[in-house]
Each structure stands twice: as C-alpha cells, then as structure tokens.
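For reference, the structure is listed below as structure tokens.
The values are calculated or read from the model by the stated rules, or taken from the named source; none is laboratory data. Remember, it's a predicted structure, so these values are computed and weren't measured experimentally. Here the Cβ is made from the backbone with ideal geometry for all residues, glycine too, and neighbour counts use every protein chain on show.
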Amino acid sequence: MKLFFIAAFLVISGNSYANNDEDPCKNPRNRMEFAACDKYKYKKEDARLNDVYSKLMSFSKSYFNIGSSKTGQQTGDNVANKLREAQRTWIKYRDANCNYQYHTYYPGSHASKAAQKCKLMMTKTRADELQKQYDFWSTR
C-alpha cells in the first residue's frame, strides 16, 4: 500500500512539474528555476533572431536585385553576403563579450547567470535591430 501512495505521489508531482516545463518563467522559485527561465527566454529570442535574419536575407536578395537593374545599386547576393558577414561577426562579438561577462564573476556562483543574461540581452537587441531594418526596407 505504501508503494502505491509513493508511486501515485511521484506521478502527480511529475505531472505538475511537466506542466511547469512548458513555461519555466511562470512561477520560478529557486536559482535552478530562474536559470531555466533565462535559458527559455534566450531560446525564444534566438529563434526570433533567426526568423528575422532569414526574412531579411531573403528580402535583401530579391529587393536589391530589382533595384540593381534599374539604378546600378548593389546586387541582392552582394547585400545578402554583407549581412551574412555582419551576422557572423556579431556572433563572434556576442560570444566574446559574454565570455568576458562570465569571467568577471568566475569562480563565483553568478558567472553562468551573467553569461546567460548577456546572451539574452544581446540577442534581443540584435533581433530588434534586424527587425527595424526589415521593417524599413520592406515598406519601400
């Protein structure tokens, strides 16, 4: 009988924990849950960055190819290559900057949190920046 109650408790508590896995930011209560929330937010911002980057790449190729035949502007492939180069350089900068943030706290307990927050904020800022560029060019 004890075994039944223990198994039932584990199933119930496991189910409630699984529901919290969907959005770990809903009610974080300890350091591990706050860290899970930060990772969750970062993944969402990274997905948003990848989405807007893809839209801007695709748009750049088509938009600037249209303009190049009429006005002698850059070709779409050339503009897209410059965007790709800028994004790769930005990723290196983000990683180096957040590595620096990590080492300013290392070996303290806040080192990983500082690096995660850094990646979150820089990724959000970059996604916003690319979204503004996309919004600007797509309304021309």
Flagged in the stretch 107-140 as loosely packed, with under 14 Cβ neighbours inside 10 Å, more than 18 Å from C37 (Cα to Cα) and modelled with pLDDT under 95, in numbering order, are P107, G108, F136, S138, T139, R140
Listed by first then second residue, the pairs whose first member lies in the stretch 57-86 and is of a type in the set (A, V, I, L, M, F, W, C), whose partner is at pLDDT below 90 and not in a helix (DSSP H, G or I), with beta carbons under 9 Å and at least 6 positions apart or on separate chains, are F64/Q73; F64/Q74; F64/T75; V79/Q73
With respect to E33, determine if the residue is modelled with pLDDT under 95, in a helix (DSSP H, G or I), within 30 Å of Q116 (Cβ to Cβ) and not hydroxyl-bearing (S, T, Y).
-> yes
Mind telling me which of the residues K61, K43 ends up being more than 24 Å from T139 (Cβ to Cβ) and either assigned to a loop (DSSP other than H, G, I, E, B) or of a type in the set (D, E, K, R) (or both)?
-> K43
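Looking for whichever is at pLDDT 95 or above, closer than 30 Å to Y134 by Cβ, in contact with a helix residue (DSSP H, G or I) (Cβ under 6 Å, 6 or more places away or on another chain) and surrounded by 13 or more Cβ atoms within 10 Å (Cβ to Cβ) here; the options are V52, V79. Which one fits?
Residue meeting the stated conditions: V52.
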